[in-house]
Amino acid sequence: MRALLMLAGLCLCAAACGSPGSQGASGKHVVDIAGSTSVMPFTEKLAEHFMLEQPTFVINVQSGGSTAGIQACINKTVEIGMSSRELKPDEEKLDEITICLDGIAMVVHPENPVANLTLCQIQDIFSGTLKNWKDLGWVDRQIDAVTREEGSGTRGAFEELVMGGREIDDGIMVQDSNGSVKEVVATDPYAIGYVSLGMIDKRVSAVTIDGVRPVAEAIKNKQYKIVRPFLYLTNGTPGGDTRAFIDYVLSKDGQMLLKKEGLIPVYEF
Amino acid sequence: MSSKTAVLKERIIKQVLTVFAFSSILFLFLIFAFILVEGLPLFYKAGVNSIIFGMKWAPTKGFFGIFPMIVSSFLVTFGALIIGAPLGLGCAVYLAEYAGKRQKMFLKPALELLAGIPSVVYGFLGVLYIVPFIRNFVGGSGFSLLATSIVLGVMILPTVISISYDALMSVPRSYREGALAMGSTKWQTTWRVVIPSGKSGILASCILGMGRAVGETMAVIMVAGNALKIPGSVLDPLRTLTSNIALELSYASGDHRMGLFSTGVVLLSIIMVLNYFANVVIRRKVIK
């Protein structure tokens with residue numbers, strides 16, 4: 001009984017201690033951000049660092065997808081919208097700021113001798129018409145292609161930049177994160193998948209696409225085409241608080257943080 | 001302490017315990033309510049047929065067909081039964097009829113431990129050993145119906161064994177004595193008398209095992225490959241209802257999210273039907 005009471009006391013105490021922090025928010029500089037699920041984790045990280053340096057700021061980051069973020073920005077429910085795709089014509093009244101670029105690389109097992117694929121071959125593989133490694137000049141063995149789940153930003157970008165309107169076949173395997181796609185490709189010699197460029201290490205090898213290697217250099221000089229921008233959108237010129245956060249993201253600290261996460265910064269310092 | 005306060009204390013304790021007991025029903029009710037509120041609107045919007053019998057799942061493009069997943073869920077469940085039921089029944093028969101005290105002392109805790117292993121560990125072992133084994137020695141990518149059935153087959157063992165064991169142990173001692181007195185061997189007694197008498201309990205253990213297999217998520221995501229097609233062979237990847245929800249929930253919004261709740265509605269119905277059958281089977285035994 002006594003133990004129960006103590007537990008209840010502790011809970012009350014924790015609740016009481018927890019509340020002042022959130023109450024104090026009204027007197028602080030608040031910036032609301034919403035949008036792309038691909039950009040969100042990086043924005044959260046940036047916000048964390050920013051709030052450490054500027055304790056008076058409160059940055060609220062929410063996901064919801066690029067489209068939802070753009071809409072929220074148009075309706076002025078958030079200060080910054082995040083998008084991992086380019087704006088459509090009717091959305092172009094928003095100001096866009098590219099915070100970094102993200103390349104998507106096609107990866108295979110290191111033992112796989114196929115080093116180059118054309119965009120068309122990749123389309124054939126993922127639309128289910130090209131099913132055997134023999135057709136790509138390797139062994140007579142089924143291709144174990146892996147895609148991402150419906151709704152994923154990386155899948156969205158892949159469909160747009162690579163598939164060009166063709167549908168990904170229902171028989172293709174699905175994994176739910178960059179990490180698990182990489183895990184499948186790293187363990188299955190006959191697998192092929194696509195991951196964010198930042199995920200690549202010795203356990204998987206990235207193929208060249210139409211002869212172009214997916215590296216930061218090729219992305220910067222626009223030779224490598226499977227690249228999507230991570231955008232921040234504002235409705236009109238951003239106000240002081242919003243400006244301060246965007247300045248931080250584009251500063252050396254912010255850009256280095258993004259580079260460390262495997263993204264391609266837009267500014268070099 | 002006067003007797004009056006003691007009585008009062010007793011009453012308060014009873015009230016509090018009653019509230020605790022009924023809170024479980026409250027939670028069940030709340031879960032039902034939430035899943036139905038979130039999932040049912042889509043059934044009106046897209047139509048029951050196009051969800052339950054639709055072949056195409058592309059929620060961001062307006063297709064919500066989960067038929068392949070319903071089929072896949074049943075396929076892995078039966079696959080798990082094919083592997084888990086004979087093994088589990090064999091183990092239960094050994095425990096109930098043949099094992100001595102010392103073997104039981106060793107086996108029972110081992111089974112409890114097997115039940116306590118988190119499903120992600122089963123999935124991890126499946127990815128590390130079963131999937132590569134199938135890829136190297138049987139064929140395909142390894143992420144398959146076969147791998148999933150094996151992993152689930154092992155996972156339902158504790159359920160199948162413990163309930164079948166209880167069923168066999170509840171067969172009266174006089175049945176065995178009678179059979180042995182008639183001159184039948186130990187195996188004849190077990191096979192002809194004990195197992196048939198415990199039949200309904202054994203059946204219930206299999207149904208509850210099926211419930212466990214249908215509901216399993218984490219291990220399945222890891223070894224099933226999650227492709228959206230109905231598998232053409234045991235070596236093809238597949239996606240179950242549970243893994244569909246877990247795979248896509250983090251990115252889903254709007255109709256997509258509702259589609260996942262609709263998947264939950266179908267899953268809930270399947271599990272309710274299975275539990276109902278298990279209860280019917282068990283009750284029939286009690287009435288006899």
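The values are calculated or read from the model by the stated rules, or taken from the named source; none is laboratory data. These numbers come from a predicted model, not from an experiment. Here Cβ is always computed from backbone atoms with ideal geometry, including for glycine, and neighbour counts include all displayed protein chains.
Just one of the numbered conditions (1) within 12 Å of chain A (Cβ to nearest Cβ); (2) in a loop (DSSP other than H, G, I, E, B) is not true of B:G259: (2).
Would you confirm whether any residue within the range A:240-254 is in a strand (DSSP E or B) and more than 22 Å from A:S152 (Cα to Cα)?
No, that holds for no residue.
Residue-by-condition table, conditions (1) within 14 Å of chain B (Cβ to nearest Cβ); (2) surrounded by fewer than 17 Cβ atoms within 10 Å (Cβ to Cβ):
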site: A:G137; (1), (2): no, yes
site: A:D140; (1), (2): yes, yes
site: A:A145; (1), (2): yes, no
site: A:G156; (1), (2): yes, no
site: A:S180; (1), (2): yes, no
site: A:I192; (1), (2): yes, no
site: A:V195; (1), (2): no, no
site: A:D201; (1), (2): no, yes
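Condition check: within 14 Å of another protein chain (Cβ to nearest Cβ), in contact with a Phe, Trp or Tyr (Cβ under 6 Å, 6 or more places away or on another chain), closer than 27 Å to B:N275 by Cα and part of a helix (DSSP H, G or I). Does B:A246 satisfy that? In short, no.
If the requirement is being assigned to a loop (DSSP other than H, G, I, E, B) and surrounded by 16 or more Cβ atoms within 10 Å (Cβ to Cβ), which of these qualifies: B:G84, B:G54? Sole residue among the options that is assigned to a loop (DSSP other than H, G, I, E, B) and surrounded by 16 or more Cβ atoms within 10 Å (Cβ to Cβ): B:G54. Looking across A:G198, A:G151, A:G165, A:G156, one residue alone is part of a loop (DSSP other than H, G, I, E, B), outside the structural domain of A:M40 (by TED's automatic domain parsing), under 19 Å from the mean Cα position of the chain (by Cα) and closer than 30 Å to A:L94 by Cα. It is A:G151.
Table: residues versus (1) away from chain A (no Cβ under 13 Å); (2) over 20 Å from B:G211 (Cα atoms).
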position: B:K14; (1), (2): yes, yes
position: B:L42; (1), (2): yes, yes
position: B:A46; (1), (2): yes, yes
position: B:G54; (1), (2): no, yes
position: B:I66; (1), (2): no, no
position: B:V76; (1), (2): yes, no
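Residue count for the range B:1-51 under the criterion of being more than 30 Å from B:T240 (Cβ to Cβ), part of a helix (DSSP H, G or I) and of a type outside the set (K, R): the result is 17.
Please verify whether B:I150 is within 14 Å of chain A (Cβ to nearest Cβ), under 22 Å from B:S72 (Cα atoms) and either out of contact with any strand residue (DSSP E or B) (no Cβ under 8 Å at 6 or more places or on another chain) or touching a residue at least 24 places away in the same chain (Cβ under 8 Å) (or both), treating the condition exactly as stated. It is false that B:I150 is within 14 Å of chain A (Cβ to nearest Cβ), under 22 Å from B:S72 (Cα atoms) and either out of contact with any strand residue (DSSP E or B) (no Cβ under 8 Å at 6 or more places or on another chain) or touching a residue at least 24 places away in the same chain (Cβ under 8 Å) (or both).
Among the residues of the range B:114-136 satisfying the criterion of being more than 14 Å from every other protein chain (Cβ to nearest Cβ) and surrounded by fewer than 21 Cβ atoms within 10 Å (Cβ to Cβ), which is farthest from B:L203 (Cα to Cα)? Walk me through it before giving the result.
If we filter the range B:114-136 for residues that are more than 14 Å from every other protein chain (Cβ to nearest Cβ), which is where we start, we get B:114-119, B:121-122.
Next, from what is left, pick out any that are surrounded by fewer than 21 Cβ atoms within 10 Å (Cβ to Cβ): B:114-119, B:121.
On the way: B:L114: 21, B:A115: 19, B:G116: 23, B:I117: 24, B:P118: 25, B:S119: 24, B:V121: 28 Å.
Here the answer is B:V121.
Residues of the range A:45-73 that are surrounded by fewer than 16 Cβ atoms within 10 Å (Cβ to Cβ), assigned to a helix (DSSP H, G or I) and touching a residue at least 24 places away in the same chain (Cβ under 8 Å): A:H49, A:E53. For the range A:89-103, state whether one or more residues are away from chain B (no Cβ under 14 Å), in contact with an Asp or Glu (Cβ under 6 Å, 6 or more places away or on another chain) and in a helix (DSSP H, G or I). No, every residue in the range A:89-103 fails to be away from chain B (no Cβ under 14 Å), in contact with an Asp or Glu (Cβ under 6 Å, 6 or more places away or on another chain) and in a helix (DSSP H, G or I). Within the range A:158-178, being under 27 Å from A:M256 (Cβ atoms) and within 12 Å of another protein chain (Cβ to nearest Cβ) holds for one residue alone: A:S177. Anything in the range B:219-230 that is crowded, with 24+ Cβ neighbours inside 10 Å and either small (G, A, S) or under 15 Å from A:D170 (Cβ atoms) (or both)? List them, or say none. B:A219, B:A224, B:G225, B:N226, B:A227, B:L228, listed by residue number. A:K88 meets each of the listed conditions (1) without any contact (Cβ under 8 Å) to a residue 40 or more places away in the chain; (2) of a type outside the set (A, V, I, L, M, F, W, C); (3) outside the structural domain of A:A68 (by TED's automatic domain parsing) apart from (3).
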